[in-house]
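Encoded as C-alpha cells, the structure appears first; notes follow it.
The values are calculated or read from the model by the stated rules, or taken from the named source; none is laboratory data. Predicted, not measured: the structure shown is a model, and the values here were computed from it. Every residue, glycine as well, gets a Cβ built from its backbone with ideal geometry; the counts of neighbours run over all protein chains shown.
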Amino acid sequence: MVLSRWRAGVHDGKHLYEAIRQQGYSGSLRLVRAFLHPLREQRRKPTEVVPPSPVEQFCARDAVWLFIRAKSKLTAQEQEELLHVRTASVTTETAYGLVQEFLTMVRKRQGERLDTWIEAVQASQIPELRRFVNGILQDKDAVVAGLTLSWSNGQVEGQVQKLKLVKRSMFGRAKLPLLRHRLLNAV
C-alpha cells in the first residue's frame, strides 16, 4: 500500500501514515518515516553529474596565489588556470590588472605611481580593494616611503619581535638580569 502510493506520487510521510492507519496500521509515524527515508534518498540522487567548470573548482586562496605571483614564474597549467579565472568576469579581470599594477610598484619601488593607482581602485568599485586603499590612506606617507626608498626598519622590527618572544617565554620566571643574559647570548 505505501509503496504503491509512493510510486503514485504521494511523498508526504504524515499523509501516508494517516492513510495506512485508517486501514489498521498500529505502528508509529516514526516507523513510517524510517521506512520512507531510503526512498527519499534514492529519489534525490542526480541522474547525471556535470563536471564543474575550471572556475568553479577554484577557491579564493588559489586565485589569490595566482594573482600575486609573477606571470613568468607560473607553470603552463597555472597560466591556463589564471586565464580561466580572469575571463570569468569583468570584475576579476579589473582586479587582476590592479593587483599586478600594485605589485609592480612594490617590486620596482615606484611609489610615485601610488596616487594614480588609488584613483583607479576607487573608480573600479571593487569593495575589497577599496578597503585596502582605505588602509593605505591612513598612513599614506609611510606607504609611499616604503614603495620608494631602498632602506627600511625591517631589521629593527625583527630584533624587537625577538625581544618580545623571549620576554613572553620568560614571563614570571626571572628578572631583568636573566632576560639580558638570554638576549645577549641569543645574538
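Observations on the model:
- Close Cβ contacts (under 8 Å, 6 or more residues apart or on different chains) running from residues in the stretch 2-17 that are free of Cβ contacts under 8 Å to residues at least 24 places away in the same chain and surrounded by 13 or more Cβ atoms within 10 Å (Cβ to Cβ) to residues that are among the hydroxyl-bearing types (S, T, Y) and assigned to a loop (DSSP other than H, G, I, E, B) comprise Y17/Y25.
- Scanning the stretch 54-63 turns up at least one residue that is of a type in the set (D, E, K, R), surrounded by fewer than 10 Cβ atoms within 10 Å (Cβ to Cβ) and under 27 Å from I136 (Cβ atoms).
Residue by residue, here is whether (1) more than 26 Å from S89 (Cα to Cα); (2) of a type outside the set (A, V, I, L, M); (3) under 23 Å from the mean Cα position of the chain (by Cα); (4) not assigned by TED's automatic domain parsing to the domain that holds K71 holds:
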residue: F102; (1), (2), (3), (4): no, yes, yes, no
residue: R107; (1), (2), (3), (4): yes, yes, no, no
residue: L114; (1), (2), (3), (4): no, no, no, no
residue: I126; (1), (2), (3), (4): no, no, yes, no
residue: N134; (1), (2), (3), (4): no, yes, yes, no
residue: D139; (1), (2), (3), (4): yes, yes, no, no
residue: V144; (1), (2), (3), (4): yes, no, no, no
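- Residues that are surrounded by 10 or more Cβ atoms within 10 Å (Cβ to Cβ), under 30 Å from V106 (Cα atoms) and touching a residue at least 24 places away in the same chain (Cβ under 8 Å) within the stretch 144-187 comprise V144, A145, G146, L147, T148, L149, K162, listed in sequence order.
- Output for the stretch 86-103, where each listed residue is among the β-branched types (V, I, T) and either surrounded by fewer than 16 Cβ atoms within 10 Å (Cβ to Cβ) or under 12 Å from A63 (Cβ atoms) (or both): T87, V90, T91, T92, V99
- Test: residue in the stretch 123-143 that is closer than 30 Å to P52 by Cα, among the small types (G, A, S) and surrounded by 13 or more Cβ atoms within 10 Å (Cβ to Cβ): yes
- Applying a threshold of 6 Å to beta carbon distances and a minimum spacing of six or more residues, or different chains, the list of pairs starting in the stretch 89-110 at a residue that is at negative phi and ending at one that is modelled with pLDDT under 95 and assigned to a loop (DSSP other than H, G, I, E, B) reads A95/I126.
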